[in-house]
Amino acid sequence: MALLHLAVQWRAAREAGPALMSATVDHGLRPPSAAEAAAVKRLSLDLGVPHRTLCWLGPKPQTGLQEAARHARHRLLAEAARDAGAGHVLTAHTRDDQAETVLLRLARGSGLTGLAGMARTSALDGLALVRPLLDLPKARLIATLQAAQIPFVDDASNHDPRFTRVRLRGLMPALAAEGLDSSRLARLARRMARADAALESATAEALVRVSVASPSGSGSVVIDAAGFSRLPGEVALRVLRQAITGKGYEGPVELAKLEALLDALEAARSGAPQRFRRTLAGALITLEAGRLVIAPAPRRRQGAFGTSGGQSCVRTRGED
(Lines give C-alpha, C1' and ligand atoms only; values in the text may rest on other atoms or scores of the structure.)
Protein backbone atom coordinates (compact mmCIF):
# COMPACT_ATOMS: atom_id res chain seq x y z
CA MET A 1 0.00 0.00 0.00
CA ALA A 2 2.85 2.38 0.80
CA LEU A 3 4.62 1.55 -2.46
CA LEU A 4 1.43 2.22 -4.42
CA HIS A 5 0.86 5.53 -2.64
CA LEU A 6 4.46 6.67 -3.13
CA ALA A 7 4.68 5.50 -6.75
CA VAL A 8 1.63 7.58 -7.66
CA GLN A 9 3.18 10.65 -6.00
CA TRP A 10 6.49 9.98 -7.77
CA ARG A 11 4.79 9.78 -11.15
CA ALA A 12 2.73 12.92 -10.50
CA ALA A 13 5.92 14.89 -9.84
CA ARG A 14 7.14 14.16 -13.38
CA GLU A 15 5.87 15.68 -16.59
CA ALA A 16 6.06 12.37 -18.45
CA GLY A 17 6.03 9.72 -15.77
CA PRO A 18 5.66 6.06 -16.71
CA ALA A 19 2.31 4.30 -16.76
CA LEU A 20 1.60 2.38 -13.56
CA MET A 21 -0.33 -0.80 -12.92
CA SER A 22 -0.70 -2.42 -9.51
CA ALA A 23 -0.94 -6.15 -8.92
CA THR A 24 -1.85 -8.12 -5.83
CA VAL A 25 -0.96 -11.80 -5.52
CA ASP A 26 -3.66 -13.73 -3.70
CA HIS A 27 -1.85 -16.85 -2.51
CA GLY A 28 -5.09 -18.38 -1.24
CA LEU A 29 -3.42 -19.33 2.05
CA ARG A 30 -5.67 -17.31 4.39
CA PRO A 31 -9.45 -16.75 4.32
CA PRO A 32 -9.17 -12.90 4.33
CA SER A 33 -6.76 -12.76 1.37
CA ALA A 34 -9.43 -12.16 -1.28
CA ALA A 35 -10.93 -9.26 0.68
CA GLU A 36 -7.46 -7.80 1.20
CA ALA A 37 -6.79 -7.93 -2.54
CA ALA A 38 -10.11 -6.18 -3.13
CA ALA A 39 -9.05 -3.41 -0.73
CA VAL A 40 -5.87 -2.85 -2.72
CA LYS A 41 -7.93 -2.71 -5.90
CA ARG A 42 -10.22 -0.03 -4.42
CA LEU A 43 -7.27 2.16 -3.45
CA SER A 44 -5.64 1.62 -6.85
CA LEU A 45 -8.75 2.67 -8.73
CA ASP A 46 -9.19 5.70 -6.43
CA LEU A 47 -5.64 6.70 -7.34
CA GLY A 48 -6.28 6.18 -11.05
CA VAL A 49 -4.11 3.06 -11.33
CA PRO A 50 -5.45 -0.09 -13.04
CA HIS A 51 -5.23 -3.18 -10.85
CA ARG A 52 -5.04 -6.92 -11.33
CA THR A 53 -5.45 -9.67 -8.75
CA LEU A 54 -3.19 -12.63 -9.51
CA CYS A 55 -4.20 -15.99 -8.05
CA TRP A 56 -1.94 -18.82 -6.99
CA LEU A 57 -4.14 -21.88 -7.32
CA GLY A 58 -3.53 -25.59 -7.05
CA PRO A 59 -1.98 -27.71 -4.27
CA LYS A 60 0.37 -26.01 -1.83
CA PRO A 61 3.48 -27.75 -0.48
CA GLN A 62 3.58 -28.95 3.11
CA THR A 63 7.21 -27.85 3.49
CA GLY A 64 9.04 -24.87 2.05
CA LEU A 65 5.76 -22.98 1.74
CA GLN A 66 7.19 -19.48 1.89
CA GLU A 67 9.83 -20.21 -0.73
CA ALA A 68 7.24 -21.82 -3.01
CA ALA A 69 4.96 -18.81 -2.51
CA ARG A 70 7.81 -16.46 -3.42
CA HIS A 71 8.53 -18.35 -6.65
CA ALA A 72 4.83 -18.36 -7.53
CA ARG A 73 4.56 -14.64 -6.73
CA HIS A 74 7.52 -13.76 -8.94
CA ARG A 75 6.19 -15.88 -11.79
CA LEU A 76 2.73 -14.33 -11.63
CA LEU A 77 4.10 -10.78 -11.40
CA ALA A 78 6.42 -11.37 -14.37
CA GLU A 79 3.53 -12.74 -16.44
CA ALA A 80 1.34 -9.75 -15.54
CA ALA A 81 4.13 -7.31 -16.37
CA ARG A 82 4.70 -8.87 -19.78
CA ASP A 83 0.96 -8.84 -20.48
CA ALA A 84 0.93 -5.11 -19.68
CA GLY A 85 4.03 -4.39 -21.78
CA ALA A 86 5.99 -3.35 -18.70
CA GLY A 87 9.74 -3.76 -18.28
CA HIS A 88 9.92 -3.26 -14.52
CA VAL A 89 8.31 -4.84 -11.47
CA LEU A 90 8.51 -2.86 -8.21
CA THR A 91 8.22 -4.50 -4.80
CA ALA A 92 8.07 -2.90 -1.36
CA HIS A 93 10.89 -4.74 0.41
CA THR A 94 12.27 -2.66 3.28
CA ARG A 95 15.47 -2.47 5.31
CA ASP A 96 13.81 -4.78 7.85
CA ASP A 97 13.25 -7.37 5.12
CA GLN A 98 16.89 -7.04 4.08
CA ALA A 99 18.10 -7.56 7.66
CA GLU A 100 15.95 -10.68 8.04
CA THR A 101 17.23 -12.03 4.72
CA VAL A 102 20.85 -11.60 5.86
CA LEU A 103 20.12 -13.40 9.15
CA LEU A 104 18.27 -16.18 7.36
CA ARG A 105 21.13 -16.76 4.94
CA LEU A 106 23.71 -16.52 7.71
CA ALA A 107 21.87 -19.27 9.57
CA ARG A 108 21.93 -21.40 6.41
CA GLY A 109 25.68 -20.95 5.97
CA SER A 110 25.47 -18.87 2.79
CA GLY A 111 28.56 -17.52 1.07
CA LEU A 112 29.32 -13.94 0.10
CA THR A 113 26.68 -13.83 -2.62
CA GLY A 114 23.94 -14.91 -0.22
CA LEU A 115 25.07 -12.55 2.53
CA ALA A 116 24.84 -9.65 0.08
CA GLY A 117 21.08 -9.99 0.60
CA MET A 118 18.61 -8.58 -1.87
CA ALA A 119 19.85 -6.27 -4.61
CA ARG A 120 18.11 -2.98 -5.32
CA THR A 121 17.69 -4.14 -8.91
CA SER A 122 17.83 -7.73 -10.10
CA ALA A 123 16.67 -9.78 -13.07
CA LEU A 124 13.23 -11.39 -13.09
CA ASP A 125 12.58 -13.60 -16.10
CA GLY A 126 13.74 -11.01 -18.60
CA LEU A 127 12.39 -8.05 -16.60
CA ALA A 128 13.94 -5.73 -14.00
CA LEU A 129 12.84 -6.35 -10.41
CA VAL A 130 13.30 -3.09 -8.51
CA ARG A 131 13.14 -2.58 -4.72
CA PRO A 132 13.04 1.23 -4.34
CA LEU A 133 12.30 1.16 -0.58
CA LEU A 134 15.12 -1.19 0.41
CA ASP A 135 16.96 1.43 2.49
CA LEU A 136 13.87 2.52 4.43
CA PRO A 137 12.71 0.96 7.72
CA LYS A 138 9.24 -0.56 7.78
CA ALA A 139 8.24 1.90 10.54
CA ARG A 140 8.77 4.77 8.08
CA LEU A 141 6.28 3.24 5.63
CA ILE A 142 3.72 2.66 8.39
CA ALA A 143 4.07 6.29 9.47
CA THR A 144 3.61 7.40 5.85
CA LEU A 145 0.37 5.42 5.53
CA GLN A 146 -0.93 6.68 8.83
CA ALA A 147 -0.20 10.28 7.85
CA ALA A 148 -2.03 9.77 4.56
CA GLN A 149 -4.91 7.98 6.36
CA ILE A 150 -4.52 4.92 4.14
CA PRO A 151 -5.57 1.65 5.79
CA PHE A 152 -3.25 -1.34 5.61
CA VAL A 153 -3.23 -4.97 6.71
CA ASP A 154 -0.84 -6.68 9.11
CA ASP A 155 -0.52 -10.12 7.51
CA ALA A 156 -1.12 -12.79 10.17
CA SER A 157 1.48 -15.07 8.57
CA ASN A 158 4.10 -12.50 9.59
CA HIS A 159 3.59 -13.70 13.16
CA ASP A 160 3.39 -17.44 12.52
CA PRO A 161 6.29 -19.12 14.40
CA ARG A 162 6.22 -22.10 12.02
CA PHE A 163 8.28 -20.01 9.62
CA THR A 164 12.02 -19.50 10.16
CA ARG A 165 11.89 -15.88 9.02
CA VAL A 166 9.25 -15.10 11.63
CA ARG A 167 11.32 -16.70 14.39
CA LEU A 168 14.37 -14.69 13.32
CA ARG A 169 12.23 -11.56 13.26
CA GLY A 170 11.37 -12.23 16.88
CA LEU A 171 15.10 -12.12 17.72
CA MET A 172 15.61 -8.68 16.19
CA PRO A 173 14.84 -6.63 19.34
CA ALA A 174 17.41 -8.58 21.38
CA LEU A 175 19.98 -8.32 18.57
CA ALA A 176 19.32 -4.58 18.23
CA ALA A 177 19.96 -4.17 21.97
CA GLU A 178 23.44 -5.60 21.32
CA GLY A 179 24.00 -3.21 18.42
CA LEU A 180 23.05 -5.61 15.62
CA ASP A 181 20.02 -3.73 14.32
CA SER A 182 18.53 -3.68 10.83
CA SER A 183 20.73 -0.74 9.81
CA ARG A 184 23.96 -2.60 10.58
CA LEU A 185 22.75 -5.82 8.99
CA ALA A 186 21.82 -3.87 5.85
CA ARG A 187 25.27 -2.25 5.91
CA LEU A 188 26.83 -5.71 6.11
CA ALA A 189 24.79 -6.72 3.06
CA ARG A 190 26.07 -3.71 1.10
CA ARG A 191 29.68 -4.54 2.00
CA MET A 192 29.21 -8.17 1.05
CA ALA A 193 27.68 -7.06 -2.26
CA ARG A 194 30.72 -4.87 -2.93
CA ALA A 195 33.13 -7.74 -2.20
CA ASP A 196 30.99 -10.11 -4.27
CA ALA A 197 31.11 -7.76 -7.27
CA ALA A 198 34.92 -7.55 -7.01
CA LEU A 199 35.22 -11.33 -6.90
CA GLU A 200 32.89 -11.73 -9.87
CA SER A 201 35.13 -9.39 -11.86
CA ALA A 202 38.21 -11.38 -10.82
CA THR A 203 36.39 -14.59 -11.77
CA ALA A 204 35.61 -13.35 -15.27
CA GLU A 205 39.29 -12.46 -15.81
CA ALA A 206 40.44 -15.80 -14.36
CA LEU A 207 38.12 -17.81 -16.60
CA VAL A 208 39.60 -16.13 -19.66
CA ARG A 209 43.15 -16.93 -18.46
CA VAL A 210 42.60 -20.61 -17.73
CA SER A 211 40.24 -21.44 -20.60
CA VAL A 212 41.47 -23.56 -23.48
CA ALA A 213 39.87 -23.54 -26.93
CA SER A 214 37.36 -26.38 -27.10
CA PRO A 215 36.72 -28.46 -30.22
CA SER A 216 34.27 -26.82 -32.58
CA GLY A 217 30.70 -27.84 -31.85
CA SER A 218 31.61 -29.65 -28.61
CA GLY A 219 29.42 -27.38 -26.49
CA SER A 220 31.86 -27.61 -23.58
CA VAL A 221 34.09 -25.37 -21.49
CA VAL A 222 37.69 -26.60 -21.39
CA ILE A 223 39.99 -25.36 -18.61
CA ASP A 224 43.71 -25.87 -18.12
CA ALA A 225 43.84 -27.92 -14.90
CA ALA A 226 47.27 -26.65 -13.80
CA GLY A 227 46.21 -23.02 -14.21
CA PHE A 228 42.93 -23.73 -12.46
CA SER A 229 44.75 -25.25 -9.46
CA ARG A 230 46.71 -22.02 -8.95
CA LEU A 231 43.59 -19.87 -8.61
CA PRO A 232 42.56 -18.62 -5.14
CA GLY A 233 39.96 -20.97 -3.67
CA GLU A 234 37.04 -18.55 -3.85
CA VAL A 235 37.83 -17.62 -7.45
CA ALA A 236 38.18 -21.31 -8.39
CA LEU A 237 34.75 -22.02 -6.90
CA ARG A 238 33.22 -19.21 -8.91
CA VAL A 239 34.91 -20.33 -12.13
CA LEU A 240 33.39 -23.77 -11.58
CA ARG A 241 29.98 -22.31 -10.77
CA GLN A 242 29.96 -20.10 -13.85
CA ALA A 243 30.95 -22.97 -16.14
CA ILE A 244 28.46 -25.40 -14.58
CA THR A 245 25.65 -22.85 -14.65
CA GLY A 246 26.36 -22.16 -18.31
CA LYS A 247 26.43 -25.81 -19.35
CA GLY A 248 24.08 -27.45 -16.83
CA TYR A 249 20.31 -27.55 -17.01
CA GLU A 250 19.19 -28.15 -13.41
CA GLY A 251 19.30 -24.64 -12.05
CA PRO A 252 21.60 -22.94 -9.51
CA VAL A 253 24.49 -24.90 -8.00
CA GLU A 254 24.44 -25.36 -4.22
CA LEU A 255 27.55 -23.90 -2.60
CA ALA A 256 28.19 -26.96 -0.41
CA LYS A 257 28.07 -29.28 -3.43
CA LEU A 258 30.35 -26.93 -5.34
CA GLU A 259 32.85 -26.97 -2.46
CA ALA A 260 32.74 -30.78 -2.36
CA LEU A 261 33.40 -30.88 -6.11
CA LEU A 262 36.42 -28.57 -5.76
CA ASP A 263 37.83 -30.75 -2.95
CA ALA A 264 37.34 -33.87 -5.08
CA LEU A 265 39.07 -32.25 -8.05
CA GLU A 266 42.04 -31.26 -5.91
CA ALA A 267 42.28 -34.78 -4.51
CA ALA A 268 42.15 -36.23 -8.02
CA ARG A 269 44.91 -33.92 -9.25
CA SER A 270 47.22 -34.72 -6.34
CA GLY A 271 46.62 -38.49 -6.45
CA ALA A 272 47.48 -41.15 -8.96
CA PRO A 273 46.63 -40.18 -12.56
CA GLN A 274 43.12 -41.34 -13.34
CA ARG A 275 40.04 -40.08 -15.09
CA PHE A 276 37.73 -37.99 -12.94
CA ARG A 277 34.05 -37.89 -13.87
CA ARG A 278 31.20 -36.28 -11.92
CA THR A 279 27.80 -34.73 -12.63
CA LEU A 280 26.39 -31.69 -10.89
CA ALA A 281 23.35 -29.51 -11.64
CA GLY A 282 22.91 -31.03 -15.10
CA ALA A 283 26.59 -30.63 -16.06
CA LEU A 284 29.21 -33.31 -16.63
CA ILE A 285 32.63 -32.51 -15.17
CA THR A 286 35.64 -34.55 -16.30
CA LEU A 287 39.34 -34.23 -15.55
CA GLU A 288 41.74 -36.03 -17.86
CA ALA A 289 45.09 -35.34 -19.54
CA GLY A 290 45.54 -32.07 -17.66
CA ARG A 291 42.23 -30.60 -18.78
CA LEU A 292 39.05 -29.91 -16.90
CA VAL A 293 36.01 -30.18 -19.17
CA ILE A 294 32.48 -29.03 -18.28
CA ALA A 295 29.72 -30.05 -20.68
CA PRO A 296 25.97 -30.71 -20.53
CA ALA A 297 25.30 -34.05 -18.84
CA PRO A 298 23.19 -36.70 -20.59
CA ARG A 299 19.55 -36.14 -19.83
CA ARG A 300 18.07 -38.43 -17.23
CA ARG A 301 15.15 -40.62 -18.26
CA GLN A 302 11.87 -39.48 -16.74
CA GLY A 303 10.09 -41.97 -14.51
CA ALA A 304 6.63 -43.31 -15.25
CA PHE A 305 5.18 -41.16 -12.52
CA GLY A 306 5.85 -37.45 -12.17
CA THR A 307 4.68 -34.56 -10.08
CA SER A 308 2.64 -31.77 -11.52
CA GLY A 309 3.03 -28.19 -10.43
CA GLY A 310 0.20 -26.18 -8.98
CA GLN A 311 -2.03 -24.38 -11.43
CA SER A 312 -2.20 -20.64 -11.48
CA CYS A 313 -4.72 -18.19 -12.81
CA VAL A 314 -4.93 -14.48 -13.40
CA ARG A 315 -8.25 -12.89 -12.70
CA THR A 316 -9.44 -10.41 -15.26
CA ARG A 317 -9.10 -6.71 -14.68
CA GLY A 318 -12.72 -6.38 -13.73
CA GLU A 319 -12.64 -8.97 -10.95
CA ASP A 320 -11.48 -8.74 -7.36
Give me the dipole magnitude in Debye, nearest 20, for the chain about the Cα centre, with unit charges on the beta carbon: positive for Lys and Arg, negative for Asp and Glu. 460
Run the numbers for R190 and L145: contour at 0.36 nm per residue of separation, minus the present Cα-Cα distance, in nm. 13.4 nm
Computed over the stretch 194-291: relative contact order in percent, which uses C-alpha pairs under 8 Å that are six or more apart: 25
Of every Cα-Cα pair in the stretch 6-48, the percentage lying beyond 11 Å is 69
Suppose only helical runs count, i.e. DSSP H with n ≥ 4. What mean residue ellipticity at 222 nm does that imply for the chain under -39500 (n - 2.57) per run, divided by all residues and rounded to the nearest 500 deg cm²/dmol? -15000 deg cm²/dmol
Using the C-alpha atoms of the stretch 120-251, what convex hull volume per residue, in cubic angstrom, is computed? 191
Just need the relative contact order of the stretch 151-240 here, percent rounded to a whole number, with Cα pairs under 8 Å and 6+ apart. 19
Where in the chain are the DSSP H helices whose C-alpha atoms run 30 Å or more along the long axis and whose mean Kyte hydropathy is at least -0.5? 182-210
Cα atoms only, the chain: Rg and Dmax in Å? 23.4, 74
Dipole magnitude of the stretch 134-199 about its Cα centre, charges +1 at Lys/Arg Cβ and -1 at Asp/Glu Cβ only, in debye to the nearest 20? 240
So how many Å³ per residue does the convex hull of the Cα atoms of the stretch 131-181 work out to? 110
Percentage relative contact order, the chain, counting C-alpha pairs under 8 Å, at least six apart: 19
Expressed as a fraction of 2.2 N^0.38 Å, the rule-of-thumb size for a compact globular protein of N residues, what is the C-alpha radius of gyration of the stretch 243-299? 1.10
Using the crude model of +1 on Lys and Arg Cβ and -1 on Asp and Glu Cβ, and no other charge, please compute the dipole size for the stretch 53-173 relative to its Cα centre, in debye to 20. 280
Probe 1.4 Å, heavy atoms of protein chains only: per residue, the accessible area of the chain in Å² is 58
Kirkwood Rh (inverse of mean 1/r, distinct Cα pairs), the stretch 175-297, angstrom: 15.8
Where Rh denotes the Kirkwood radius from the mean inverse Cα pair distance, what is Rg over Rh for the stretch 178-220? 1.38
May I ask which residue of Q98, H71, P298 lies farthest towards the positive end of the charge dipole of the chain, with charges of +1 (Lys, Arg) and -1 (Asp, Glu) on Cβ and the Cα centre as origin? P298
Given the options S110, S218, S183, which has the most mean-square fluctuation in a GNM of the chain, springs set between C-alpha atoms less than 10 angstrom apart? S218
Projecting the Cα atoms of G28, T286, L112 onto the charge dipole of the chain, where Lys and Arg contribute +1 and Asp and Glu -1 at Cβ, the residue farthest towards the positive end is T286
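The values are calculated or read from the model by the stated rules, or taken from the named source; none is laboratory data. The model shown is predicted, which means the values in this text are computed figures rather than measured ones. A quick note on method: Cβ atoms are made from the backbone with ideal geometry, for glycine too, and the neighbour counts reach across all protein chains shown. The area values use the complete protein model at the heavy-atom level, side chains included, leaving out ligands, DNA and RNA. Shrake-Rupley method; radii C 1.70, N 1.55, O 1.52, S 1.80 Å.
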